[in-house]
Structures are given as structure tokens and as C-alpha cells.
Amino acid sequence: MGDGTPATPKRRQLTLEQRHALYTALLIAPATLFMLFVYAVPLAYVVSVSLADKTTGAFSIGSYQQVATSSLFYKVTWTTLQISALATITSLLLAYPIALYMNYQSARVRAFLMLLVLVPFWTSILVKSYAFTVIFGQAGVVNQLLGLVGLPSVKLLFNRVGVIIGMTHYLVPFLVLTILTSLRSIPPDLPRAASIMGASKLVVFRRVVLPLSMPGVIAGSALVFILSLGFYVVPALLGGRQDVMLANLVEFYLREALNWQMASTIAVMLLLTAALFVALLFKTRAGAALAGEQRA
Amino acid sequence: MISSRHIMTWRGVGLAAAIFVFVFLILPTAIVIIMSFGDKRDLVFPPTGFSLDLFRRFFAEPGWTQSALLSFRIAILSATLSLVMGTAAAIGLARSRFRGKGLVSLFLHSPIMIPGVAIALALYLYLNMLGIRNNDARLILGHVVMTLPFVLVTVSAGLRHIDETLETVATVMGAGLFTVFRRVTVPLLAPALTIGWLFAFVTSFDEVIVSWFLVRAGHMTLPVKMYSSIMFDISPVLAAVSTMLTGLTVFACIVMAAMQKKEA
Amino acid sequence: MNLSDNAIDTSTPMISLDGVRKEYADVIALDTTDLQVAKGEFMTLLGPSGSGKTTLLNLIAGMTSPTAGRVVIAGTDVTATPPAKRGLGMVFQNYALMPHMTIFQNIAFPLHIRHLPKREINRRVRDVLELIQLPHVADRKPKELSGGQQQRISLARCIVYNPNIILMDEPLGALDKNLREQMQIEIKRLHKELGVTILYVTHDQEEALNMSDRIVLMKGGKIEQLGTTDELYFDPASVFAADFLGQSTLIEATVRTEGDPAILEIAGGTRCRVSRGTCTAGTRGTLMFRPEAARLAQPGEATGDANVVSGELKHTIATGSVVKHYVGLPNGDTVIVQELANQHRTRLPIGIQVTVSWPVEAGLFLNG
């Protein structure tokens, strides 16, 4: 109006913080919306299916009552927990020594050994499962070799032994990686100081290295146990009738019993079990450290 | 007193244990690879002669090659989609502070921890309800859910290596957001982006359970085809497939290791 | 010490903060503040960590916006302007050179952003490398240079696009002592040659005294004192200022008689005279004087200074060029005396009784 003051812009000026918040929202939105509609909503849909009546579709906890009285469900849950615990323990027994061994190698040797851990880590679970069927089968490599030296053949496939070997093979690299990380984070001065003070190698290990690597051991074992709970391929391909796990039961109800409600209910139960153990893991310091490592 | 013999013993035990575990990890795949070059119709170990018959059979059977091509297509598209969305989210999360950020991050990472069968069933029922029948679309949606968290993990780790003041200084010097992203963030993040994409690619290429639930008849991905073959007919071609798949894995592994070295 | 040769003219300030205030959820990072920085001035923000100097810098740079108040740069309100559009340069403690670019590319980067023609970019980068006396490093990567060289490149990257203002956030914090002094001289030289306005953040009081036209001393989110280096050194406004800049003797005192000079009672009975500070009879406060203004004598030795107090020699520390004596007074206060080192002077034994004297005009009475 010619009074000399500059016209105030019509568009509301955003503060720097508002502008930043807008950019942040634009960056996070695609992934978050995608995961909301292609992951969270489907999971919620499964929950709703599990709570619907098979014929009328009305709200019903019938499937849960059926599950609660199903001896098959209890048996499979028990099998799942047993196999998961056993696979976690065998994996830990194999992983700790090599993590320790790798920790004491020169950087170059360690990098090479790391490749020997990473290649199996990345190898398709189907390649591994196939390898075990070929090696452990009735006419497989192991039994061929046993036959050569005149020993009776052994049954390593389609039973608990096969499942545990297959799962351990899959899980060991996970544990090596987490344990090695926590071993590497021990300041080298600590074991050095302990041995200067006169501690023997064994004492240094037992009193210094082992306790300081426990966060990695706990976090890694918990991670591996949680992964085990959802195993599907290994028990299906290497296990027998006695080794059906919860994930296989979900498929059984969906494909063979054609009962979506039961399949959903068991999936929800499996989800809750895994969530329970995840929550327990996050309660521990090790879990918090692991989570911090992932996010931060 | 620690005698030197004592130390030698411990070293020996450690070495023996390490060799045992590495053999356990490597040997099964190695045996299959060796057998895949055998010259008999049936698999034997050790092979009696060298031949590439099994590989020829793989390329001669349209069922196998089509599965492989489908897997490549799905893995490339899923990994790329995951990389774009995951990188944007990783930057947004790393460069901001807001209430509920931890929750958003936990949500986006959560598919790592959730049993695959639950996601598989959920998507199966949900996509059927929505009537989405396109095989590629079903698989890509499922695979992005499975791979996006891994992109998020690797790119977030990469961002932690980048000194934030580099972005700040570029901004103060007058660079717009896009220029900062293109000239500063992306070049510095290149190794992490490569790792993230490869991670997503391999995860998608090897994914079994979600694909097993979502594929439509006659459109099997390579892992689904392998799964059903191990289940039902144990074709010796599986040995050749395993060899090629492992070759791809080793290649991806070496590239990732090289990138990690570059990043440090 | 820097006796300023630039006259400070704040009538048309380069930076002006009008009632600027910054609060986070539960803390006041910066209390309501007014500040003007003159064109071509070298101003230092000095203070301990958490004093608000970084917040002040971030508000000017545009990293964050104020809860209240306006930020004006060169006459334009930039309160809501993003950092890229404020026409600033910035130098960081960690140099912030792009590791994926050569030195040439690093310095050319701001010129590329401004879409300058290639030939012009080449010329200006060569010129500025010449100016900082590193013409031979153009094709190297930052990692191949020493810390001091990297910081000079970082300066060159600012200078090359002629920003009105250069913000420096503890730029010498990562360098060792010798290099730091060389760089102080280098920065002062560039400041003088280019006439650019510099806002410099540091927690090192010596650095602030060496380089600044004016110093803003900050404490607890507020400006504690603003003035030239001489004002801050010789006329500190508070005990905090006296203590933070340089070393000082601070002893409890009570005003007995007003006047010029006023008479104070110190160290449980000794009287002394002081001509500076607000002295109201009966108030308790602190007497401050600088160690180099005081002199040490043995009892009975005359120094000619008006004020004398006696005590016990506790320690003597020789730091090359100077010698410092710490004298304990009967009430527990400590007086510091600084002398130039003298090879021929005999060392006084620790524990003997000595007298400390200082001229009337050296003392300053501070309330609180």
C-alpha cells in the first residue's frame, strides 16, 4: 500500500524445525506406510481371522478353545521349544570356540576365517538342506563311507538328529558373529593386565574374557533361539513325523486341513511366543545393547 | 608357571576345535558342489568322472530356467524398492529426533524377529482377501517386507560412519538438500548402499517360506522349485542349482566384504 | 595482546540478535539475549561447555530456530531462513573436509554450488591455495594432509566464496599447542587481509585474548560480559570473569570506608586501599588483582607499593619465562605473585614469611 513496510508473505513461514520435521516425515513415510499396509494390517487381519467363526465369520474364540484342548498343539509346541533349546545349545558349543579362536588371529587370518563363516551364513538354506539329504541319506555319503569300513549304516535323516544338525549348521554363523563382536570389544589391556598380575591363561579366560563376552553370548543365544522357534524348512525337509514344529503346523492347517481359523490361531500363538522371548531379550542389558547396535 | 608345552597344548585344542567347526560349516556344501560335476545320472561321492551334464539338464529344462529368471526379476525389483524406501527411512531416522522414533524404528525392524510363517500366512490370507492375483506383485510385496529391515540395518550402520558435520558444512556453504544428498551423502554412503542392496537381493533370492505361501501354481521361484523338488522328487539337477546358487552367494559375499573394508 | 586496530562500529551490524531466546523441553539453552556484531569484526564467544555459546552459534548458522526473538544478518531477518540461504561460511573443529573429494574439489565445491564457470573456479581455487600457502596440495586427498594443513584447507574453502560471515566452532581444538599458535596468527592475517566478519567459538581464554576484537563471555546460557580484550582482562565485571580470563588473586574483602581510594579489610584485619569497583561501606565482596601486578618481598624490604599483606610462601613454580609464588595468608586465602624469570635471583626457601605488595590502581573490588 506504499507505506514502506514490505508486504508480509501470504504463505505462512515455516520455522526451521517445522521444515526439518516435514522433510523427516517425507523420508520416513514411504517405508512406514508400506510396512503398515503390507505387514501390520495383514498381521492384524490374521488376528481377526483367528477370532472369527469358521462358518458364520462372527466373533468367536472357538479356535482358541480348540487349540487349548488340542493335544497335537501341545505336543508340537513342546517339540518346538525342545528343538529350539537343543539347537541353541549345540550351536553355542560350536560357535564359542571358533569365535575365541578367530579373536586371537591376526587381522588377515581373521578376515579369511570370517569369509568361511559368512559364506555358510549366506548360503541358501535349501542348498544346505539338500546337502544334508544327500550326505545323510540311506545311500548317502556317510553311509557309503561307513559301508566301506564295514560298519552298519546309521539313520541321520527324517529324525531329531537330522533337524538338530541342519539347524545348528544354519545358526552357528549368527552366534559366531555376535560372540566375536563382543570378544573384539574387550579392551586388549584387560587380559594383558591380568596376565602381568600373574594370572594363568586359563584364569585370564575364566575371570576376564568369559565374563566380558557374556553379553554377546546371551544376546546371540536369545536371537538364535527366537529364530529357531519359527523354523519351517529344516524340520519339513530333514525331520520326521515326530519333529513337526509350530510353523509346519500352521502350513498343515492351511493346506491340508483347510482350516484358516486354526492356522491363524496357531500363527498368533507362535507370534506371541516369539514376542515374549523378544521382550525378555530386550529386558536384559545384552538385548538393549543389541538393539542399540541396530538402531542408535 | 605356564610351561611352553602347556601353551602348545591349548593352541592345539583350539586349532582342532576350529578346524572341526569350519569343516562342519563348509563340507556339506563342498560335497554337493563336487558331486554336481559328476558324470553319472545318479549322484555318487566321490564322482567317478567329470562332466557338466547336470548343468546342461538345468538349462534344458524350462521349469528350472523360468524359476531362476523369475527369482532374478523378483529379487532385483524387491531389492531396489527396499533400497529406495529403506535408505530414505534410515536417513530420516538418523537425522532427526522426535517422540516415538524408537517405536517407528522398532516397527520397521521387526520382521527380522517375527517368524516368517506368520508373515507368510498373513500376506496369503490378506492378498487373497484383496483379490491380488498377479504373481509378481504378490511376491514383490512379500519380499519387500522381508528385505526392507536389512536395508535399514546396513544403511543405518553406514550413516553412523558418516560425519554429520560434512552434511552441515555443505548446507552452510549453500548446498540445497538434494545437492547435499547427491554430492555428499550418497558418495559417502555408496559402500553401505551396495551392501544393503546385495543383502536385500540375496535375502529375496533365497526366500522360501513367504514365496511358498504366495506363489501361484506354475510360477515357482527358484527356492520354491528347489523346496518342492527336495520334498518330492530329489532331482540330481538340485546339485547343479546348489553349485550355481553358492557361486552367486560367494560372489555377493566377496563384494560385501570388499565394501565393508572400503567403508572402514 | 591484541590492541585493536579496527574501530568497532556497531551502527550497521553484520549480525544482530534481537531478544533471542532458545528453550528445549526442560532447559533454557540461551536466555533472552541481544548482541550486535560489527562488519569486519573478530568476535569471540568464550565460555565453559554448556554456557550457551554453541546454541548461539547454531542460531546464527540456522541449525536451529529461536524460541523467541529475531536473527538479523546484514539487515535481513533470517530467523526462518534455512542455513543454505544465509550466506555464511563455517569452520569446524574436525575440519569437515569431504573425504571423497580431492583438495581442489573440496575448495571448488561451494563454487560449483554457485554454478560458477569452470575457468573462474580454477582461478579462484588456485588463488586461495596461494593465499594459504599450500599451492602444491590441490590433487591430494584430505587424509594425506596434516591436521594444521587440513584446517587451512577448511579455511580456504570458506574464503573462496566470500561469505559475509565466517563462523568458527573451536577450529583449533584438535591441534597441538605450537600449531595452534601458528594457526592463530594465520587466521588473524586472513581476517585482516579479507576484512571478513568472524564469529569464533572457543573455551580457551588465551586463544580468545590473542585473537579477538571483542569477547562475549558466556555462562549458564547468558552473556556474562561483553567487551574488548582489555576490558575483560583489566575490568572483569564479576568473579567468574576474573577467574575465567587469565589468572587472578581473589581474596575475601569487606569495605570499611568509602571513597577514592576506598579502604578494605582483608585477611582478617589487614587494611588495603582500592580505587576501582563499586565500594559501599559494609559490603562484603572480593578483592581481585592480577599476579603480574603484585610483588614479593622479604619482611622489612620496601617495595614502594601502597598495599602490603604478609603470609607464608607455600610454593614456587618456575615455568620458563615466569616464576609464580603462592603465598598463604593467615585466614587461608592465597595470593599469587608472578615475576619474570631471572637466572641470578636466589630462590626463596618455602615456608618463610614474606610480604606481598601491589599498587592501589591494580586492585578491583567485586561484589559477590
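The values are calculated or read from the model by the stated rules, or taken from the named source; none is laboratory data. Predicted, not measured: the structure shown is a model, and the values here were computed from it. Note that each Cβ is placed from the backbone with ideal geometry, even for glycine, and that neighbours are counted across all protein chains shown.
Looking at segment B:160-182 only, could you name the residues that are of a type in the set (A, V, I, L, M), in a loop (DSSP other than H, G, I, E, B) and within 9 Å of chain C (Cβ to nearest Cβ)? First the steps, then the outcome.
Step one: list which residues in segment B:160-182 are of a type in the set (A, V, I, L, M), which gives B:162, B:166, B:169-170, B:172-173, B:175, B:177, B:180.
Add one more test, that the residue is in a loop (DSSP other than H, G, I, E, B), and what stays is B:162, B:173, B:175.
B:173, B:175, listed by residue number.
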**Report entry** So residue A:30, is it within 7 Å of chain B (Cβ to nearest Cβ), free of Cβ contacts under 8 Å to residues at least 40 places away in the same chain and either closer than 18 Å to residue B:181 by Cβ or not in a helix (DSSP H, G or I) (or both)
**Finding:** yes
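Pick from C:278, C:319: which is touching a residue at least 60 places away in the same chain (Cβ under 8 Å), surrounded by fewer than 16 Cβ atoms within 10 Å (Cβ to Cβ) and under 26 Å from the mean Cα position of the chain (by Cα)? Give the derivation first.
On the way: C:319 fails: touching a residue at least 60 places away in the same chain (Cβ under 8 Å).
Exactly one of C:278, C:319 is touching a residue at least 60 places away in the same chain (Cβ under 8 Å), surrounded by fewer than 16 Cβ atoms within 10 Å (Cβ to Cβ) and under 26 Å from the mean Cα position of the chain (by Cα), namely C:278.
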Query raised in the report: Any residue at all in segment B:172-179 that is buried (at least 24 other Cβ atoms within 10 Å of the Cβ), assigned by TED's automatic domain parsing to the domain that holds residue B:88 and in contact with a strand residue (DSSP E or B) (Cβ under 6 Å, 6 or more places away or on another chain)?
Result: yes
Query - segment B:219-247: number of residues that are in a helix (DSSP H, G or I) and either surrounded by fewer than 18 Cβ atoms within 10 Å (Cβ to Cβ) or in the same structural domain as residue B:34 (by TED's automatic domain parsing) (or both) - result: 5
Report summary line: For segment C:113-142, pairs from a residue that is in the same structural domain as residue C:159 (by TED's automatic domain parsing) to a residue that is loosely packed, with under 12 Cβ neighbours inside 10 Å, with Cβ under 9 Å and 6 or more apart or across chains, are C:129/C:136; C:131/C:193
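When segment C:145-158 is examined, which residues are found to be among the hydrophobic types (A, V, I, L, M, F, W, C), crowded, with 21+ Cβ neighbours inside 10 Å and more than 19 Å from residue C:85 (Cβ to Cβ)? Break it down into steps so the answer makes sense when it comes.
Our first condition is that a residue be among the hydrophobic types (A, V, I, L, M, F, W, C); within segment C:145-158, this holds for C:145, C:153, C:155-156, C:158.
When the remaining residues are screened for being crowded, with 21+ Cβ neighbours inside 10 Å, the result is C:153, C:155-156, C:158.
Once the filter is applied, which keeps residues that are among the hydrophobic types (A, V, I, L, M, F, W, C), crowded, with 21+ Cβ neighbours inside 10 Å and more than 19 Å from residue C:85 (Cβ to Cβ), segment C:145-158 yields C:153, C:155, C:156.
Closer than 30 Å to residue C:330 by Cα, out of contact with any Pro (no Cβ under 9 Å at 6 or more places or on another chain) and crowded, with 16+ Cβ neighbours inside 10 Å: is that true of residue C:250 in this structure?
Values: closer than 30 Å to residue C:330 by Cα: yes; out of contact with any Pro (no Cβ under 9 Å at 6 or more places or on another chain): yes; crowded, with 16+ Cβ neighbours inside 10 Å: yes.
Judged against the criteria, residue C:250 is a match.
From the list B:213, B:251, exactly one residue is among the aromatic types (Phe, Trp, Tyr), part of a helix (DSSP H, G or I) and facing chain A (nearest Cβ under 9 Å). Which is it? Before you say what the answer is, go through the steps one by one.
Values: B:251 fails: facing chain A (nearest Cβ under 9 Å).
Only one candidate qualifies: B:213.
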Query raised in the report: Got at least one residue in segment B:221-243 being at the interface with chain A (Cβ under 10 Å from one of its Cβ atoms) and within 12 Å of the chain's Cα centre (by Cα)?
Result: no
Report task. Give me the pairs, please: first residue somewhere in segment C:148-159 and within 18 Å of residue C:123 (Cα to Cα), second residue anywhere and of a type in the set (Phe, Trp, Tyr) and assigned to a helix (DSSP H, G or I), beta-carbon distance under 8 Å, and either six or more positions apart or on two chains. Result -> C:157/C:109
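Just need a number here: residues in segment B:123-138 that are hydrophobic (A, V, I, L, M, F, W, C), surrounded by 12 or more Cβ atoms within 10 Å (Cβ to Cβ) and more than 7 Å from every other protein chain (Cβ to nearest Cβ).
Step one: filter segment B:123-138 for residues hydrophobic (A, V, I, L, M, F, W, C), giving B:123, B:125, B:127, B:129-130, B:132, B:137.
Still in the list and also surrounded by 12 or more Cβ atoms within 10 Å (Cβ to Cβ): B:123, B:125, B:127, B:132, B:137.
Checking the rest, the ones that are also more than 7 Å from every other protein chain (Cβ to nearest Cβ) come to B:127, B:132, B:137.
The total comes to 3.
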Report summary line: Per the filter on segment C:329-359, residues more than 20 Å from residue C:246 (Cα to Cα) and not polar (S, T, N, Q) are C:329, C:330, C:332, C:344, C:345, C:347, C:348, C:349, C:350, C:351, C:352, C:354
Report task. Go through C:135, C:142, C:110 for me and flag whichever is over 22 Å from residue C:197 (Cα atoms), crowded, with 20+ Cβ neighbours inside 10 Å and of a type outside the set (A, V, I, L, M, F, W, C). Result -> C:142
Report summary line: Looking across segment A:102-132 at residues that are of a type in the set (Ser, Thr, Tyr) and surrounded by fewer than 22 Cβ atoms within 10 Å (Cβ to Cβ), the single one that is farthest from the other protein chains (Cβ to nearest Cβ) is A:106
